[in-house]
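Trainee: Can you read through this structure? Questions will come right after.
The values are calculated or read from the model by the stated rules, or taken from the named source; none is laboratory data. The shown structure was predicted, so the numbers you read here are calculated from the model rather than taken from an experiment. Ideal geometry is used to build each Cβ from the backbone, glycine not excepted, and the neighbour counts take in all protein chains shown. SASA here: full protein model, heavy atoms, side chains in, ligands and nucleic acids out. Shrake-Rupley method; radii C 1.70, N 1.55, O 1.52, S 1.80 Å.
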Amino acid sequence: MQRELEELEIKGDRLTHYELLSVAADADGGTIRRAYLEKSKRYHPDAWYRRDVGGFGPLLSKWFQRLSAAYQVLSDEESRTGYDRDHRAELSKSDRAALERRELSLVEEERRARERRERMLRTKGFARIGAARKFYEEALEHALNGERTQAIFALKAARELDPNRKEIAAKLVELEREQARARANSALSSGREREEKKRFSEAVTAYAAAFQNDPTSFLAAIGAARCAQESSDARAATTWALRAVELNPDDLGARMLLAHLFASNGLKARARSELTTLLQKNPDHKEARALLRAL
């Protein structure tokens with residue numbers, strides 16, 4: 001186990017999520033879940049409770065957290081798609097080939113599932129109730145494997161066959177909300193990564209996608225504001241900063257950014273208003289006091 005941990009440390013950030021979980025890039029949801037459960041049993045700090053692990057204790061904790069983060073990404077359809085898109089160049093040659101196979105397989109599976117749904121939707125009488133039940137059960141299995149899009153398609157077919165079954169409608173609403181949140185989180189993660197790499201225009205696009213899927217996301221709005229400012233797009237930066245302040249009026253950093261943007265655009269009165277509000281919340285804010293004096 002010590003040798004394993006030392007090898008992981010050597011490879012470090014060069015390890016992809018697939019390599020960390022020891023699965024191919026075309027692995028299905030069930031395979032990824034089983035791989036995670038098997039590895040997490042070995043890496044979980046509780047598995048070594050009362051053992052003298054010495055200096056390897058922090059490494060166990062670190063790589064268990066990395067393992068959990070990799071599983072969280074790959075077990076969700078939207079976040080996995082985003083990861084594959086953003087990290088394709090980092091995958092090994094075999095994993096890139098596996099990813100291409102998976103993409104082709106998904107297209108074929110969707111085609112077959114669509115044809116089957118269309119065929120079952122033509123059923124009559126009591127057979128429609130039975131078909132709806134099958135679609136509902138399939139949806140639950142898809143959802144368990146992180147295949148949310150397939151689950152939603154199956155639930156929509158089930159609802160059309162049996163519109164009076166409340167649990168179908170309830171599950172559909174639940175999964176559609178989860179899908180929007182997952183897409184927002186995936187785009188938010190992509191935005192942060194691109195911002196760290198100083199690819200600010202791409203980061204704005206990612207943050208905007210996150211906000212579109214979750215209009216309550218303060219992190220998406222303020223991220224877009226920061227990156228738009230770095231891209232010298234003052235109008236977009238101001239728009240995003242305004243949204244951020246609306247979502248979280250108590251965030252002093254967002255209000256300070258908005259004040260700077262107003263000031264740089266010659267809107268001194270609006271800048272003063274933001275700074276006054278900020279100083280009411282934090283009278284000792286040195287940067288706000290300095291900018292207000294300059295105005």
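Trainee: If I take R0 = 22 Å and measure r between the Cβ atoms of L104 and L144 in this structure, what FRET efficiency does the formula 1/(1 + (r/R0)^6) give, to the nearest 0.05?
Mentor: Step by step, r from the Cβ atoms, then E = 0.40.
Trainee: Using only alpha carbon pairs under 8 Å that are at least six residues apart, calculate the relative contact order of the chain and give it in whole percent.
Mentor: Numbers: 308 pairs, mean separation 30.7, N = 295.
Once divided by the residue count of the chain, the mean separation gives 10 percent.
Trainee: Read phi for every residue in region 100-108 and hand back ³J(HN,Hα) as whole Hz from Karplus 6.51 cos²θ - 1.76 cosθ + 1.60, θ = phi - 60°, with x for Gly and Pro.
Mentor: 5, 5, 4, 4, 5, 5, 5, 4, 5
Trainee: Just the Cα atoms of the chain, one point each, no solvent: what log10 I(q)/I(0) does Debye give at q = 0.10 Å⁻¹?
Mentor: Summing over Cα pairs of the chain leads to -0.77.
Trainee: May I pose another question? Charges at C-beta only: +1 for Lys and Arg, -1 for Asp and Glu. How large is the resulting dipole of the chain about its Cα centre, in Debye rounded to 20?
Mentor: 620 debye
Trainee: So, in Å, what gap is there between the alpha-carbon centers of region 186-202 and region 203-225?
Mentor: 11 Å
Trainee: Another question about this same structure. Check cross-link reach from K281 to the lysines: straight Cα distance under 26 Å, and skip same-chain residues fewer than eight apart.
Mentor: Within reach: K268.
Trainee: Let me ask something else about it. Hey, which lysines would be in cross-link range of K62, C-alpha to C-alpha under 26 Å, not counting anything within fewer than 8 residues on its own chain?
Mentor: Here the lysines satisfying the reach criterion relative to K62 are K11, K39, K41, K197.
Trainee: A further question on this structure: Would you work out which of Y136, A113, F126 lies farthest towards the positive end of the dipole of region 83-158, given +1 charges on the beta-carbon of Lys and Arg and -1 on that of Asp and Glu, about the Cα centre?
Mentor: Value computed over the given set: F126.
Trainee: To the nearest 20 debye, what is the magnitude of the charge dipole of region 1-56 about its Cα centre, counting +1 on the Cβ of each Lys and Arg and -1 on the Cβ of each Asp and Glu?
Mentor: 260 debye
Trainee: Please report Rg over Rh for region 1-76, where both radii come from the alpha carbon positions and Rh follows the Kirkwood definition.
Mentor: Reported Rg/Rh (Cα atoms, Kirkwood Rh): 0.97.
Trainee: Would you calculate a helix-derived [θ] at 222 nm for the chain, using -39,500 (n - 2.57) for each DSSP H run of n ≥ 4 and dividing by the full residue count, to the nearest 500?
Mentor: Numbers: 15 runs with 227 residues, N = 295.
Using -39500 (n - 2.57) per qualifying helix, the result is -25000 deg cm²/dmol.
Trainee: If you count only protein heavy atoms with a 1.4 Å probe, what accessible area per residue comes out for the chain, rounded to a whole Å²?
Mentor: Normalised by residue count, the accessible surface of the chain is 58 Å².
Trainee: Bin all alpha-carbon pair distances of region 96-234 at 10 Å intervals from 0 and give each bin's fraction as a whole percent.
Mentor: Final binned percentages: 12, 28, 25, 21, 10, 3, 0.
Trainee: Over the chain, with a Gaussian network built from C-alpha contacts below 10 Å, which listed residue (D26, D46, D95) shows the highest mean-square fluctuation?
Mentor: Residue with maximal mean-square fluctuation among D26, D46, D95: D46.
Trainee: Here is a follow-up. Which lysines have a Cα less than 29 Å from the Cα of K124, not counting those fewer than 8 places away in the same chain?
Mentor: Output for K124: K134, K156, K166, K171.
Trainee: I need the shape label for region 36-131. Rule: rounded when a/c is under 1.5, else prolate if a/b > b/c, else oblate, with a, b, c from the alpha carbon gyration tensor. Could you put the intermediate results ahead of the total?
Mentor: Values: a/c = 4.46, a/b = 1.96, b/c = 2.28.
Here region 36-131 falls in the oblate category.
Trainee: Given Cβ point charges of +1 (Lys, Arg) and -1 (Asp, Glu) and nothing else, what value in debye, to the nearest 20, does the dipole of region 24-119 about its Cα centre take?
Mentor: Details: 22 positive and 19 negative charges, 72 e Å.
Computed about the Cα centre, the dipole is about 340 debye.
Trainee: Let me ask something else about it. Leaving ligands, DNA and RNA out of it, report the carbon-plus-sulfur percent of the accessible area of the chain at a 1.4 Å probe.
Mentor: Using a 1.4 Å probe with all protein chains present, the chain comes out at 49 percent carbon and sulfur.
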